[in-house]
1. Any idea what the relative contact order of the range 322-391 is, in percent, if you count C-alpha pairs under 8 Å spaced at least 6 apart?
2. For each of V310, V44, count neighbouring Cβ atoms within 10 Å of the residue's Cβ, then give the residues from fewest to most.
3. Under the √(5λ) rule applied to the eigenvalues of the Cα gyration tensor, what semi-axes describe the equivalent ellipsoid of the range 214-271? Give them in Å, descending.
4. Tell me which of F375, A273, Y319 sits at the most positive position along the dipole axis of the range 223-389, charges placed on C-beta atoms (Lys, Arg +1; Asp, Glu -1).
5. Can you flag which of K45/K299; K26/K321; K299/K386; K176/K386; K252/K328; K35/K386 are past 28 Å Cα-Cα?
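Please treat every number below as a calculation from the coordinates, not as lab data. Everything numeric in this text was worked out from a predicted model, so none of it was measured. Here Cβ is always computed from backbone atoms with ideal geometry, including for glycine, and neighbour counts include all displayed protein chains.
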Amino acid sequence: MHYKVPSHLPDSGSSTQVVASKELIKRYIGTLSKKEIVSLLQPVKDGLLTEDTVLHLNTVNFSVDHMIIPLTVNELVEELGAYWQRWMHSAQNVGVDPRGSVHYLHASAFHDVEMPASDYVTEFINDLTKTQKRAVLACAKDGLLTDESFINVSHFSGPDRMQVSMKKVVDIIASKEQLDDQILAARRWFVRFLSSAHYSSGNFEAAQRADLKVRTLRTGRQSMSVWYTVLFAFMTLGTFASHVWSNITNFKNMQAQLKVTGLILAVSSAAIAILMYLVFYMVGFLFCCENSLSRRGLKNDDDPGCRNLVYRHFSELNYFKYRIYATKGLQFVLLWYTMLLSVYAHENRLNIYPALSCVLTNGFGLMLFSRIARFFHACRESEDRKTIIAR
């Protein structure tokens, strides 16, 4: 005789859902790049977040639907493995309790905790380095920290750990930036122009769902002085002018000495023309990015419909990685070409100054573009990761 064992459908279904959720989390963590993992763990390494801080991971970020899964930092590191555990604890974490315990402050528990003065908290937030502020705001921008999250006040010496809500942190940083804007707006226009800077773009939809207004905060973005763009454009124009100067003064003498002078002139002119084309588009893109020339700071929203044709043409930089490689390659080749040209001019008693001018302008342009390329990588990318968008 066979007895039918009663099945527990709800329990088996719930266990299946738990297993599926764990597999989904493992699969999602496995797709994280090294840059994304560092952005997640850097605030913990700096002592701003603890290992029990809850992160809200959107595991379905490629769809219109969203599946938000709460996951503590400790659980995340366990899934990442021993390498990232050693990396997170490789430096001294200021103010982090080695026991890893976190006491969340609920409304009914404030009378049991020694709360520092608000000036103390404000001073602590303002004293954070730019890297620490950018790391925290980057997590808020990606929706990993919400208005219900807390950061650790590492300098507090009371008997209990002090934590400040993320919304309070954003308000303190916003107040500090508004004060800086008022001070800068009171100065003369040329002082504002000398200190003006470009600011990288970003996707702030996740931060809006987390009820954190971080779009207008300059601290959370990568900044670059406008003078990098201006000098880079002038260096490229200087390279072109030096090339024309060299051909005017030395072409006839070189043609009498070398049979391939015409071919060299054609190839070098084509390379400089391509370089100027690439630089022209990249400079246009940089001036489409938000900057600090406005007295009201960064904008809270962006309406592409109100942009003119020039903005719509330069606001997207297609295949930006290939453009970066091509620009650096052309600058490097032209640098060696002009160095050899200056040596040839010196040995054959030709005018050496055009070639030296081309070497200097192209060399300085190469150094300036290295910084500009870093700024490009910090801008908002399209879904195919081939295009960057100015705002």
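1. Values: 41 pairs, mean separation 18.2, N = 70.
After rounding, I find 26 percent.
2. V310, V44
3. Working: eigenvalues 370, 26, 6 Å².
Gyration-tensor ellipsoid for the range 214-271: 43, 11, 6 Å.
4. A273
5. Over 28 Å apart, Cα to Cα: K45/K299; K26/K321; K176/K386; K252/K328.
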